[in-house]
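Quick notes on the structure that follows.
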Amino acid sequence: MENSGSPKDHSQFTLLGSKRFAPFFFTQFFGAFNDNVYKNSLMAMITFGVLSSSADLSLMNNLGALLFILPFFLFSALAGQLSDKYEKSSLIRKIKLLEIVIMGLGAFAFITGATWGLMLLLFLMGTQSAFFGPVKYSIIPQHLDSHELVGGNALVEMGTFVAILLGTLAATSIATTENGALITGIAVVAVAILGYGASRAIPSAPSPSPELKIHFNPLTETWRTIGFAREQRSIFLAVLAISWFWFLGAAYLTQIYGFTSDILKGDQSVVMILLGTFSIGIALGSLLCERLSGHKVELGLVPLGSIGLTIFGADLFFHTASPDSATLISASQFLSQAGNLRIVFDFLMIGVFGGFYIVPLYAMIQARSDEKHRSRIIAAINIMNALFMVFSAITAIVFLGVLEWSIPEFFLLLAILNALVAIYIYRTIPEFAMRFIIWVITHTVYRVRHINLDNIPDEGACVLVCNHVSFMDALIIGGACRRPVRFVTFKPIYHLPVLNFVFRTAKAIPIDSKKADPEGYERAFAQIREELQAGEVVCIFPEGKLTTDGEIDEFKNGVSRILEETPVPVVPMALRGLWGSFFSHMGKPAMTRWPKRFWSKVDLVAGEVVSAEQATPAHLKAKVEELRGDQR
């Protein structure tokens, strides 16, 4: 998808030079990095005997995970309330000061070898993370414009997983070296101070609900918090979809160690290769989201992500186990063996498609949630994420421990479950599938360049008028616009297979001529009036039919009636490059000849807003002809 002619088309990386975003980005980056340095250093020191423990290693690992996750159940509801009630940049700074205190205690415990003290501090770290989570995602839409949401979330996800990778690598490198405990203690305090320093530059984010009364009961408030997410069904299913991703992620990351040693016969360096590949994949997929979505919240990427997660997760099952070896092989030996690059590629693509899946969901929730309790909806995500991660661990215990399945069989089960979850979500909320169909068509059949689409108002009612060249016109416009569009569609086109599902899901308005269907004709205008009065965008093709000669036909008077009943701004638009395509009437009726053009270049250009008073059919036709020019 190409973009042109708009200041909104700048790369997401420009946000890293913006005071609105950069301080927040580095604050969360240092926090994620520090968490992983601490947790992985602690476990590495216990594993290799640098820290002594009377308990079994497996018990310590599981206890550590429990201590870190428990605060998300206990404190997320309170954290969401605080984030909605108080100014967010000040709240972040207080949370980062708490991190400095926790890491200071952690440094003392590392240096003195207080293993159980370090374990208890995991609970405080989880508490600090639980309080940071709601403000982390709810502050983004306060500082970024709607067209920057996908890019901002993509950078946050990329930064988080890069920080996890770098923190894990740093912990592995320094934890077992001479003076590793001292170095680790100094490092976690220093990084916490860096995070606090970055937080001081975060711009103010005023409270959306200063009148909110804080309630401390974790049980009742947790249920109330989840209730906010359940108010809109689409938002709640997006919450569940995000939590399902963390179910998958926890399962893969937990089993990667056993998969490497038992199936791949690899040592710790092979584990790091796979972990690194997975994290890089998430970062790459997250960054690609902005380009693939055209700077808007593109829900069509979510089904694409689901498909990739299923395909590449299932492929891990079909890898032939490495032969038994007396010693575990190193990373270089692993990569030199035929077939192992496929495993690396699978983990890379699981990460990439995971990025496609998760970023639009977070952006959707931020865009559609009520600002007054957005933080509490984010808190609900954290609660559900923690719950699903616990379910993930229980599922692994049942299938791998009780039923004695192999890890590849467990990976295949995860892929199948992911497909079933995806089918349920997309059947329940057809908008995901509808956007996916539009996205696939507009990114495979055509290369669409968007020109001056920022002329479409970000808020309020307006009418789009465009020339009518092919059966794909509405899909191309719908796939390009950042706002949902209600299309007024000629009834025979509305009822075409596949397109009918798209039009119904997009709440298109079918219309026929007044002579052919007088009642339907009046019903259509009544619905158009209702949509405009509700502040929606309505798109009409004033020619009333597809062009048969490539030229723009006379604009009918329907647009005048619409504007007389509901005077709203009009945005003229033109499609260029569709004439002669398989879906146009050039030479023969559309779709009755073999297609000859694939991935052809198409322009969608928007003109300056025209007032309702000036928007006569003749004037609008002249504007559309001017925008189209000689390119049919």
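Every number here is computed from the coordinates shown, using simple stated rules; none is lab data. Since the model is a prediction, treat every value here as computed from it, not as a measurement. All Cβ positions, glycine included, derive from the backbone under ideal geometry; neighbour counts span all protein chains shown.
Taking 0.36 nm per residue of sequence separation and removing the Cα-Cα distance, the SER406/SER336 pair yields an extension gain of 22.7 nm. Straight-line cross-link reach from LYS213 at under 23 Å between alpha-carbon atoms covers these lysines, not counting any fewer than eight positions away in the same chain: LYS85, LYS88, LYS94, LYS136, LYS372. Alpha-carbon geometry of region 496-547: the Rg and the Dmax are 11.9, 32 Å, given in that order. Computed about the Cα centre, the dipole magnitude for the chain is approximately 400 debye when only Lys and Arg (+1) and Asp and Glu (-1) carry charge, each at its Cβ. Placing dummy labels 7 Å off each Cα toward the beta-carbon, the span from SER261 to GLU211 is 5.9 nm.
Counting only other residues whose beta carbon sits under 10 Å from that of VAL359, what net charge do I get with K and R as +1, D and E as -1?
Its environment carries a net charge of -3.
Projected onto planes of every orientation and averaged, the convex hull of the alpha-carbon atoms in region 142-215 covers 7.9 nm².
Between ASN500 and PHE108, the C-beta separation translates, for a Förster distance of 51 Å, into a calculated FRET efficiency of about 0.15.
Given a Förster distance of 22 angstrom, what is the FRET efficiency for LEU120 paired with LEU253, based on the Cβ-Cβ distance and rounded to 0.05? That gives a FRET efficiency of 0.40. For the pair region 168-244 / region 545-567, the C-alpha centres are spaced 53 Å from each other. Note on LYS623: lysines with a C-alpha under 30 Å away, same-chain residues under 8 apart excluded, are LYS8, LYS296, LYS491, LYS507, LYS514, LYS515, LYS545, LYS556, LYS588, LYS601.
What percent do you get for the relative contact order of region 490-553 when only Cα pairs under 8 Å and 6+ apart count?
Worked out over region 490-553, it gives 22 percent.
Under a plain spin-label model, where a point goes 7 Å from the Cα along Cα-to-Cβ, how far apart in nm are THR428 and ALA22? It works out to 4.2 nm between the two label points. Dipole of region 445-628 computed with +1 at Lys/Arg Cβ and -1 at Asp/Glu Cβ about the Cα centre; of ILE552, LEU620, VAL602, farthest Cα towards the positive end is VAL602.
Given the peptides 435-441, 34-40, arrange them by the average over their residues of other C-beta atoms within 10 Å, most packed first.
The packing order, highest mean first, is 34-40, 435-441.
State which helices in the chain qualify, where a helix is a whole DSSP H run, it must extend 30 Å or more along its own axis by its Cα atoms, and its mean Kyte-Doolittle hydropathy must be at least 1.0. For the chain, where a helix must reach 30 Å along its axis and average at least 1.0, the hits are 57-85, 88-112, 149-174, 233-258, 268-293, 340-368, 374-396, 407-428. Within the chain, the proportion of Cα pairs with more than 33 Å between them is 52 percent. When the alpha carbon gyration tensor of region 445-628 is reduced to an equivalent ellipsoid, the three semi-axes, largest first, read 24, 19, 16 Å. Once the C-beta distance of ASP458 and THR327 is scaled by a Förster radius of 41 Å, the resulting FRET efficiency is 0.10 to the nearest 0.05.
Using a cutoff of 8 angstrom between alpha carbon atoms and counting only pairs six or more residues apart, the relative contact order for region 257-379 works out to 45 percent.
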